[in-house]
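The values are calculated or read from the model by the stated rules, or taken from the named source; none is laboratory data. The model shown is predicted, which means the values in this text are computed figures rather than measured ones. FYI the Cβ positions are ideal-geometry reconstructions off the backbone, even for glycines, and counts take in every protein chain you see.
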Amino acid sequence: MSNLIVSKFGGNSVATAESIKKAAEIIKSDPARRYIVISAPGRRSHEDIKVTDMLFMCHAMFSNKEKSYDDMAKKIADRYQEIVDGLGINFDLEAELSDFKKSLVLGRNADYSVSRGEYVMAKIFAQYIGWPFVDAADLIYFKTDGTLDEDRTLKEAAEVLSKYEHAVIPGFYGSIGGINIKLFSRGGADITGAILARALNADFCEKWSEATQIFSADPTIVENPEIIRNITYQELRELTYMGINVIDEDVIFLLQQVKIPIRIRNINYPDDIGTFVSDEIPGDAARNIAACIAGLRHYRFIHIEKFGLNKTKGIGMKVFQIFTNRNISCEHYISGIYNFAIVVKNPMFDLKRNEILQEIRDAIHPESINVESDLSLIAIIGKGMGTVKGIFARVFDAIAAVDVKVRMINQGADDLNIIIGVHDKDFDTTVRALYNAMILN
Ligand code: ASP
């Protein structure tokens, strides 16, 4: 039994009165859900614009003295009006939005104006469910250098919220320098949820949205893949690295540090337990060898051949420095005796390819450099998997059976994943083969 849950409802959970009603029911269905973090309204359909984006645009239009800012301000007001009407509450929208308009006239920074998106939404939500509203500016503090003041935030948030049995809190921002507001990076309401879960030492931090279900493989490639029910923080971070952006890495890290589990849930399936993220897979949870198969296409594979590589010090470092200077991260490094390969993904590499290759030639005088441009990386993710006997035989048998050539293989030092490189054209076939071999069997 949980006593205290911090539940965060994302933009699409508060995009319409309908979804807000679903969220309210979910909250009321478990008395442990006591502190609710709210985003600004997200998209109602694919073509729609998020309120946060509209607020950014409106602020920019006003700053550039574009008259159209007025239309944008009206569109923002209409979004909230539709919600207030749909909820059937008597909410003084004009008074609340006047703060936003004033912030433009007074020339306040974009962060302040944009933060009004979550501020107003949390006030509406609080009124609808009849719980107190607590402003994030009184809970979350940034230092003047723009970094989070973690000590002050954890202390003050715990102190302030201890006075409330329940509260609705706007996500995505905190206060800086006394009177100003600073936003987290985009999608940052999750960070608010994680920080408050830490401050309150919550049993769980929940993330509710309309879209999130974490599958053990891409459902556009594998038919009806299984939903991942249990995953560790580390595995989820690997998955995020492989492009499955369910939750920001910083959020996972914040909660992993104090071992507060995360539940990822979908407001359209409130009875579905979703995905449970924790430090260890619970002992009674059925688990296949791997948690999931995830991959990305279009990596660049740079092979460098250099005689004497094994005897000369600092060659790799010189090459890394060239990429570092250009702010391109080297995603993987594979070393041989006379050769090594670097895997990069950054489009900057394509733009500056000739210059970069020349710099490498000048720096280390290699025998040859070749670039393969159509490499896909596919990760088989599962904690402890690397220690399972016969695991590689299983992986390679599966790939050989579908006649795919493996371009590279990399096993993480932490036994969390095995990464296979194949040609882009073989991506789907390999994902399916690995799913069948490592998840289904
Ligand atoms: N509303 C903000 C955004 O769109 C923050 C969030 O939703 O998490 O990025």
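Points worth noting:
- Selection within the range 307-328 - in contact with a helix residue (DSSP H, G or I) (Cβ under 7 Å, 6 or more places away or on another chain) and either of a type in the set (V, I, T) or modelled with pLDDT under 90 (or both): L309, I315, V319, I322, I328
- Residues that are closer than 15 Å to D203 by Cβ and more than 23 Å from the chain's Cα centre (by Cα), drawn from the range 1-44: M1, S2, N3, L4, D30, P31, A32, R34
- Residue within the range 145-153 that is within 16 Å of the ligand (Cβ to nearest atom), surrounded by fewer than 24 Cβ atoms within 10 Å (Cβ to Cβ) and either among the acidic types (D, E) or at pLDDT 95 or above (or both) present: yes
- Wholly enclosed strands (runs of 3 or more DSSP E) of the range 366-441 bearing at least 1 residues buried (at least 22 other Cβ atoms within 10 Å of the Cβ) and of a type in the set (V, I, T): 368-381, 417-423
Each row is one residue, and each column tells you yes or no for (1) part of a loop (DSSP other than H, G, I, E, B); (2) in contact with a helix residue (DSSP H, G or I) (Cβ under 6 Å, 6 or more places away or on another chain); (3) modelled with pLDDT of 80 or more.
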| site | (1), (2), (3) |
| --- | --- |
| I273 | yes, no, yes |
| V277 | no, yes, yes |
| A285 | yes, no, no |
| L296 | no, no, yes |
| H303 | no, no, yes |
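- Residue in the range 102-112 that is over 28 Å from the mean Cα position of the chain (by Cα) and of a type in the set (D, E) present: no
- The strands (runs of 3 or more DSSP E) found wholly in the range 161-242 and carrying at least 2 residues that are within 16 Å of the ligand (Cβ to nearest atom) and in contact with an Asp or Glu (Cβ under 8 Å, 6 or more places away or on another chain) occupy 167-170, 180-183.
- Scan of the range 39-55 for residues that are surrounded by 18 or more Cβ atoms within 10 Å (Cβ to Cβ) and either more than 9 Å from the ligand (Cβ to nearest atom) or within 16 Å of K74 (Cβ to Cβ) (or both), ordered by number: P41, V51, M54, L55
- Long-range neighbours under 8 Å by Cβ, at least six apart or interchain, first residue under 24 Å from K123 (Cα atoms) within the range 135-152, second of a type in the set (D, E): A136/E118; D138/E156; L139/E156; Y141/D149; Y141/E156; F142/D149
- Taking the criterion of being in contact with a helix residue (DSSP H, G or I) (Cβ under 8 Å, 6 or more places away or on another chain), of a type in the set (A, V, I, L, M, F, W, C) and either more than 16 Å from the ligand (Cβ to nearest atom) or over 23 Å from I195 (Cβ atoms) (or both), the residues of the range 1-33 that qualify are A17, I20, A24, I27.
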